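Here is the structure we will look at.
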Ligand SMILES: C[S@@+](CC[C@H](N)C(=O)[O-])C[C@H]1O[C@@H](n2cnc3c(N)ncnc32)[C@H](O)[C@@H]1O
């Protein structure tokens, strides 16, 4: 694989596990993932439909977190299909399991597992994930390993960010832009590939998948809605320990407990049009 450009190279190269996962593991982070899941739901659904995820399929979702991607996949595959969600974090697996039980979604099961150690005797028809490959030390190796649990002709579909194209706000809103820059830097310094969206084709090709296609999407809007200000705040809250650890910003600079209200006030004053970081979806096939 080509070497990483300097501004996107992971700061560390952990061996088989994420040693410095930037977002942590707490109920508050899981609620943030659910908020994120709602915001990106339709964009992800479009990508999954393009990938051919549909009725009757058996789907593997890696990095299932609070369960949103698995739940969307389960809707697309319907009662004749099924979904397995994988996560290494037992707390997230318990959270997601409780959620699908409460929603009476019988065709989803979550398992606690490391991706690189996962095996299953029954082949899957599709492998999917959102905002996950960027955190892996070696995405190609993980996809090569997981290819063993896919049938021939199976679909693969991932939805990943590309922070190399900055978000835009007009008129300028420094509060908003500074938060975005802090989040991106915390991810980068923690070892995440912040340009993973642009690496999908190369990663799939190196892992042996064929017929890759892509699409690009952004969240966008006019004015700053409360849900967007809260999402920004909660994302920053999740990376706050990393901001301090890497000396990117101090708690005093961030003032997390008043951030939502400050962003909303600035949003009211600027009343901006904005375009968020771009996400890239790519889908392909196992030969
Ligand atoms: C950013 S969250 C994404 C959640 C979900 N895909 C979504 O879009 O809502 C990443 C999740 O992947 C899990 N994870 C990261 N690396 C993993 C690995 N190597 N094996 C298993 N789970 C992993 C983390 O525990 C975390 O819950």
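A few remarks follow.
- In segment 39-57, the residues that are crowded, with 18+ Cβ neighbours inside 10 Å form Cβ pairs under 6 Å with partners that are in a helix (DSSP H, G or I), at six or more places apart or across chains, as follows: 48/76; 53/76; 57/77.
- Yes/no for residue 39 being part of a helix (DSSP H, G or I), more than 8 Å from the ligand (Cβ to nearest atom) and either within 15 Å of the chain's Cα centre (by Cα) or closer than 27 Å to residue 238 by Cα (or both): yes
- Applying a threshold of 7 Å to beta carbon distances and a minimum spacing of six or more residues, or different chains, the list of pairs starting in segment 221-240 at a residue that is surrounded by fewer than 16 Cβ atoms within 10 Å (Cβ to Cβ) and ending at one that is not in a helix (DSSP H, G or I) reads 221/274; 222/273; 223/271.
- Entry remark, segment 83-94: residues being surrounded by fewer than 22 Cβ atoms within 10 Å (Cβ to Cβ) and in contact (Cβ under 8 Å) with a residue 24 or more places away in the chain number 4 in total.
- Per the listing 177, 234, the residue uniquely within 18 Å of the chain's Cα centre (by Cα), in a helix (DSSP H, G or I) and at pLDDT below 95 is 234.
- Failed criterion for residue 34 (all others in (1) over 22 Å from residue 229 (Cβ atoms); (2) within 8 Å of the ligand (Cβ to nearest atom) hold): (1)
- Taking segment 110-152 as the range and being surrounded by fewer than 15 Cβ atoms within 10 Å (Cβ to Cβ), more than 15 Å from the ligand (Cβ to nearest atom) and outside any helix (DSSP H, G or I) as the test, the residues that pass are 121, 122, 123, 151, 152.
- Annotation: residue 260 fulfils all but one of (1) in a helix (DSSP H, G or I); (2) touching a residue at least 40 places away in the same chain (Cβ under 8 Å); the unmet one is (2).
- All of (1) outside any strand (DSSP E or B); (2) under 19 Å from residue 143 (Cα atoms) hold for residue 213 with one exception: (1).
- With respect to (1) over 20 Å from residue 48 (Cα atoms); (2) assigned to a helix (DSSP H, G or I); (3) within 16 Å of the ligand (Cβ to nearest atom), the lone exception for residue 193 is condition (2).
- Between 64, 50, 25, the distinction of being near the ligand (Cβ under 7 Å from one of its atoms) and touching a strand residue (DSSP E or B) at 6+ places or on another chain (Cβ under 9 Å) belongs to 64 only.
- If the condition is being in a loop (DSSP other than H, G, I, E, B) and either within 15 Å of the ligand (Cβ to nearest atom) or within 26 Å of residue 144 (Cα to Cα) (or both), then segment 78-106 contributes 81, 88, 89.
The values are calculated or read from the model by the stated rules, or taken from the named source; none is laboratory data. Model, not experiment: these values are computed from the prediction. We place every Cβ from the backbone using ideal geometry, glycine too, and count neighbours over all the protein chains shown.
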